[in-house]
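Input: a single structure, listed below in structure tokens.
Every number in this text was worked out from the coordinates using simple rules, so none of it is lab data. A quick note: this is a predicted structure, and the numbers were derived from the prediction, not measured. Cβ atoms come from the backbone with ideal geometry, glycine included; neighbour counts cover every protein chain shown.
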Amino acid sequence: MKKYARISCGFTSTGAISGLDEDAVVTEDLNLKLEKFLKKNKIKDFRIINAETVIVPKQDFTHNYNLVCLHLEYEI
């Protein structure tokens, strides 16, 4: 049975958390989340079916930030 998941990592474009000029930091964070997800769910085979960057506008409770998302297809 195929299942689907989204792994995401947030960052700001100003560098306040890890900006666009610090791609290695975003890549490392995203890879760590992906590794933890794969280990936790004992997934041996998966494929990335989509990757996207979403701009999350400023709201009352948060500042403007970007969200990098990997959409996965896997079987357990």
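For the stretch 22-62, chymotrypsin sites (Phe, Trp or Tyr not before Pro) are listed when DSSP marks them as loop and at most 16 other Cβ atoms sit within 10 Å of their Cβ; the list is PHE61.
Between LYS58 and GLU35, the simple spin-label model (points 7 angstrom out along Cα→Cβ) gives 3.6 nm. Summarising the amide proton neighbourhood of ASN66: residues at separation of 5 or more, or on other chains, whose placed amide H is nearer than 5 Å comprise PHE11, THR12, SER13, VAL56.
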